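K.L.:
Have a look at this one before I ask anything.
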Amino acid sequence: MNSASSGNQSSEFGVGPSVALGAAIAANLRADRALMSDTKLFAGQGSESDSTRSGCGKQDPVPELSVDLAGVRLQNPLIPASGCFGFGEEFLDFFDPNILGAAALKGTTREPREGNPTPRIAETPSGMINSIGLQNPGIDVVVAERLPALAKFYHQPVIMNVSGFSIDEYVECCEKADGLSEFIELNISCPNVHGGGMSFGASCAAASEVTREVRQVVKESKLFVKLSPNVTDVVEIAQGCVDAGADGLTLINTLLGMRIDVKRRCPVIAQSIGGFSGPAILPVALRMVYQVAQTLAVPIMGSGGIATAHDVVEMMMAGASAVQIGAESLRNPLVIPQILEQLPEVMAELGITNLQEIIGVAKQ
C-alpha cells in the first residue's frame with residue numbers, strides 16, 4: 001500500500017478514492033489505461049471467433065463469470081467495497097463502471113457528515129488503517145441527487161450502504177432507500193464512529209434487533225448485513241441476522257488497528273484507532289466467510305484483502321457468491337478491470353469453467 005497511501009493527508013478519501021489519485025499514480029494509471037485499451041476486459045465480450053476459438057477449428061469453452069446473488073444476476077462477482085467507489089463519478093476517468101458486477105456506494109447516514117478529523121489514514125507494510133468516520137452527504141441528498149446522477153452512466157446493480165447511530169436512523173434511511181437499488185447493505189460494523197456502527201454488530205442481540213426492525217421497511221431491495229470481524233463468534237451474529245430476516249451477509253468489515261508516530265510519540269491518526277484493511281487481512285476474511293458458509297445457507301459477499309484473481313477464486317471457494325474489493329482499489333483504481341481481465345486465465349489454469357460452481361467447494 002505504500003505507493004498510494006503516503007502522506008498527503010489533504011487528499012484523504014471521504015466520499016471517493018482520492019487518496020489514490022495523486023499526480024504520480026495518476027500518470028501511471030493513464031499509461032495502464034492506454035495499455036488496457038488494446039485488450040478485452042471480458043472474456044465473453046469479444047466476437048465469437050475471438051472468445052471460443054483456439055485455432056484449427058477447436059472450440060474452447062467461454063468461462064462463465066456470471067453469478068447469482070440472492071436472486072440477482074451479476075455479470076461477474078467483482079464489486080468495489082463501500083467507501084472505495086464514492087458514488088461512481090470518481091472512477092469515470094479510469095474505466096467504464098459498467099464492467100462491474102455491482103457497485104457498493106459510500107456509506108450513508110440520516111444527516112450529512114463531514115467525517116473524523118485528520119489525519120485519518122495510516123500506512124502499514126501490507127495494508128492501511130483508516131478512520132474516515134462515514135463522511136457522506138446524507139440520505140436525502142443521496143436519494144435526490146447522487147442516485148439519479150449515477151443512473152446516467154451506470155446500469156448494473158447498485159448496493160446502497162446504510163449506517164446509523166440508532167435503530168430509528170437505520171430504519172428511516174432504509175425506508176427511503178428501499179426499491180431504489182437492488183441491494184441495501186446494512187452496515188453495523190463500521191469501527192470509526194462512536195455510538196453506532198460497530199456497536200450494533202458487536203452483539204447478537206443488537207444485530208438481530210436492528211436487522212429485524214429494518215426488515216419491516218425493506219420490501220423491495222435485497223437486505224444484506226455487513227458484519228464486523230471484531231467479535232468473538234461471527235457465526236452466532238450471522239445466524240441472528242439471518243433469523244431476523246436478512247437476505248444475505250457481507251463479511252468482513254475492517255479489523256481494529258493503529259500505528260504510532262515514534263518521533264512525535266503519538267498515534268498517527270487523529271482518532272488513534274482505525275479500521276485495518278488490505279492484503280494482510282485476507283486470511284481472516286477467508287476464515288470467517290468459510291465458518292459462516294459452513295453453518296448457514298445464505299448468500300455472502302466476501303470482503304477483506306482481495307487484490308488478485310486468485311484471491312477472488314479463493315474467497316468464492318470459501319463460500320462467497322461475490323466479492324468486494326476495498327483497500328486495493330484505493331491503491332490501484334484499475335485493480336478491478338485488471339482482475340476481470342486475469343480471471344478467465346486463472347480459471348483456465350484451475351480447470352474452472354463456471355464461477356457459480358465453485359462457491360463453497362472448499363471442504364475438508
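The values are calculated or read from the model by the stated rules, or taken from the named source; none is laboratory data. Model, not experiment: these values are computed from the prediction. Every residue, glycine among them, receives a Cβ derived from its backbone with ideal geometry; neighbour counts consider all protein chains shown. With ligands, DNA and RNA removed, areas are computed over all heavy atoms of the protein, side chains included. Shrake-Rupley method; radii C 1.70, N 1.55, O 1.52, S 1.80 Å.
K.L.:
Is segment 290-301 home to any residue that is over 20 Å from the mean Cα position of the chain (by Cα) and of a type in the set (S, T, N, Q)?
P.N.:
Yes.
K.L.:
Considering segment 328-362 alone, what residues qualify as being open to solvent by less than 10 Å² (accessible area, probe 1.4 Å) and under 25 Å from ASN161 (Cβ atoms)?
P.N.:
If the condition is that a residue be open to solvent by less than 10 Å² (accessible area, probe 1.4 Å) and under 25 Å from ASN161 (Cβ atoms), then SER329, LEU330, PRO333, LEU334, VAL335, ILE336, PRO337, ILE339, LEU340, LEU343, LEU355 are the ones that fit.
K.L.:
With the requirement that a residue be under 18 Å from the mean Cα position of the chain (by Cα) and of a type in the set (Lys, Arg), what does segment 208-260 give you?
P.N.:
LYS222, LYS226
K.L.:
For segment 251-262, check the following and say yes or no: at least one residue is part of a strand (DSSP E or B), touching a helix residue (DSSP H, G or I) at 6+ places or on another chain (Cβ under 8 Å), open to solvent by 20 Å² or more (accessible area, probe 1.4 Å) and over 30 Å from GLU220 (Cβ atoms).
P.N.:
Yes - at least one qualifying residue is present in segment 251-262.
K.L.:
Still on this structure, please answer the following. Only one of these conditions is not met by ILE336: (1) in contact with a Phe, Trp or Tyr (Cβ under 9 Å, 6 or more places away or on another chain); (2) part of a loop (DSSP other than H, G, I, E, B). Which number is it?
P.N.:
Of (1) in contact with a Phe, Trp or Tyr (Cβ under 9 Å, 6 or more places away or on another chain); (2) part of a loop (DSSP other than H, G, I, E, B), only one is false for ILE336: (2).
K.L.:
Can you name every residue in segment 263-309 that is hydroxyl-bearing (Ser, Thr, Tyr) and buried (at least 16 other Cβ atoms within 10 Å of the Cβ)?
P.N.:
SER277, TYR290, SER303, THR308
K.L.:
Please state which one of GLY179, GLY164, GLY248 is modelled with pLDDT under 95, of a type outside the set (Ser, Thr, Tyr) and closer than 30 Å to LEU92 by Cβ.
P.N.:
Unique residue meeting the criteria: GLY164.
K.L.:
Restricting to segment 119-151, name every residue that is among the charged types (D, E, K, R) and either at pLDDT below 95 or touching a His at 6+ places or on another chain (Cβ under 8 Å) (or both).
P.N.:
Hits for segment 119-151 are ARG120, GLU123.
K.L.:
Quick one: in segment 95-112, which of the residues that are assigned to a helix (DSSP H, G or I) and out of contact with any His (no Cβ under 8 Å at 6 or more places or on another chain) is surrounded by the fewest Cβ atoms within 10 Å (Cβ to Cβ)?
P.N.:
Out of the qualifying residues, it is ILE99.
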